[in-house]
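Okay, so here's the structure we're looking at.
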Amino acid sequence: MGSKGIILLLIGSLTAYYIYSPIPDEIEDKWKLMITDSFFRSLSHLADALELVGLKDYMDVMMLITLAERVTPAADRDTTVAEALFDGVEVLVYEPRRESAGAPRRAVIYLHGGGWCLGSARMAPYDLLSRRIASELNAVVVSVEYRLAPAHHFPVPFEDVYRAVKYFLTEDTVSRYSVDINRIAVSGDSAGGNLAAAVAQQLQLDKDVQAELKAQALLYPVLQALDLNTPSYQQNEHMPILPKTLMVRFWSEYFTSDKSLFRSMMANSHNSLESSHLLRCVNWSALLPEPFRRKYNYTALSADPSRSMAALADPRASPLLAADAQLRALPRAYILTCEYDVLRDDGIMYATRLRDAGVQVRHEHYKGGFHGAMMFSVWPTDFKIAHRMLNNYIRWLDENL
């Protein structure tokens, strides 16, 4: 073998070594997930390096994912799309062209994921999802373009979303879009699922809002920041798409630009006295069914008296911390969780608490699922599980909205 052949073999071996990562057998399209994840990891490594030398902020580099998938939403034969401002918050409104026989339509308010730091309603997967909901359910879809961290820390993203939802839930607005005010759902994935759950809770406390949501649909939602060492965090610490380090980074940058919080969160030593009384709400030894606890032992968390951070105890940031009385009034819920996802236990614990509070819950758990899977439905990241998730999600909306 010549020197060129040796070099090519070496490059091929190094490439294969970099792309390869252990993927559980239950996951379909394993090599496709490895290749997809290699792009995410490459960008993350570049972001780390540029931030280390002071050239670029980590999230600024990671935003390239959002920019690469950005599209210009335009009308097609089934759906019209319009930009609008709802109480100063930018939204995209998708309306079906199909006639509604004079009856008002259903509506879904959708909140995109991305760890509160990335993502956009204008990304191709969200644009396609909004079109599919609009056309198949003959529903109006409001996709919210909220401001992002770290430029805008908590509670700004939540407040943007809440203002947009509250604006939509008025007689004037629903009449303008021919929507039945009694058939409106809020939905979101990942950080968007966090915002959707928080919005549903806060609406119950707002005396200015007369309308009620009919449903909430939460897709692999992130719901608590108190215990970042649940069984799913331990099991899936190095899983593709959303490893523990990235999820913890999203949390820390959502709250503050102080890098010390990231280090404390990684060590699970970040709780403050304000949050200590709420640790029972994340006691997974009581809230997780036994099959999900497995061999992991629960260690009661403690609070650092020197730390003061009220946001950790705020249900608007961690909806899993809401009081039982507040949960009882919530609308029916759809919760999707994935086995190979650090956020798996957040969704399962919330399903447990909602059921205990008397809320009707449909929990769909995908044993071969990984974080973000539902948005990987278009070439080249076209996963079979994504289509199953999409079909089941839309079917539930159709039957419950």
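Things worth noting here:
- Restricting attention to segment 123-144, the residues that are charged (D, E, K, R) and surrounded by 20 or more Cβ atoms within 10 Å (Cβ to Cβ) add up to 1.
- Restricting Ala300, Ala286, Ala333 to residues that are under 30 Å from Pro24 (Cα atoms), open to solvent by 70 Å² or more (accessible area, probe 1.4 Å) and outside any loop (DSSP other than H, G, I, E, B) narrows the list to Ala286.
- Which listed residue is surrounded by 13 or more Cβ atoms within 10 Å (Cβ to Cβ), small (Gly, Ala, Ser) and under 27 Å from Ala198 (Cβ atoms), from Gly115, Gly88: Gly115
- Residues that are of a type in the set (Gly, Ala, Ser) and farther than 15 Å from Asn391 by Cα, drawn from segment 107-135: Ala107, Gly113, Gly114, Gly115, Gly119, Ser120, Ala121, Ala124
- Residues of segment 262-278 that are surrounded by fewer than 20 Cβ atoms within 10 Å (Cβ to Cβ), at pLDDT 90 or above and out of contact with any Asp or Glu (no Cβ under 9 Å at 6 or more places or on another chain): Arg263, Met266, Ala267.
- Criterion: under 14 Å from the mean Cα position of the chain (by Cα), at pLDDT 95 or above and either assigned to a loop (DSSP other than H, G, I, E, B) or among the aliphatic types (A, V, I, L, M) (or both) - qualifying residue of Leu218, Leu213, Leu203: Leu218
- Segment 365-400 - residue that is surrounded by 18 or more Cβ atoms within 10 Å (Cβ to Cβ) and part of a strand (DSSP E or B) and, of those, modelled with the lowest pLDDT: Thr381
- Test: residue in segment 337-352 that is without any contact (Cβ under 8 Å) to a residue 60 or more places away in the chain and either open to solvent by 10 Å² or more (accessible area, probe 1.4 Å) or among the acidic types (Asp, Glu) (or both): no
- Residue identified as within 18 Å of the chain's Cα centre (by Cα) and either under 13 Å from Leu223 (Cα atoms) or outside any helix (DSSP H, G or I) (or both) among Gly358, Gly347: Gly347
The values are calculated or read from the model by the stated rules, or taken from the named source; none is laboratory data. As the structure is a prediction and not an experimental result, all values here were calculated from the model. For neighbour counting, all protein chains shown are included, and Cβ atoms are generated from backbone atoms with ideal geometry for every residue, glycine included. The protein model used for the area step is the full one, side chains on, heavy atoms only, and it has no ligands, DNA or RNA in it. Shrake-Rupley method; radii C 1.70, N 1.55, O 1.52, S 1.80 Å.
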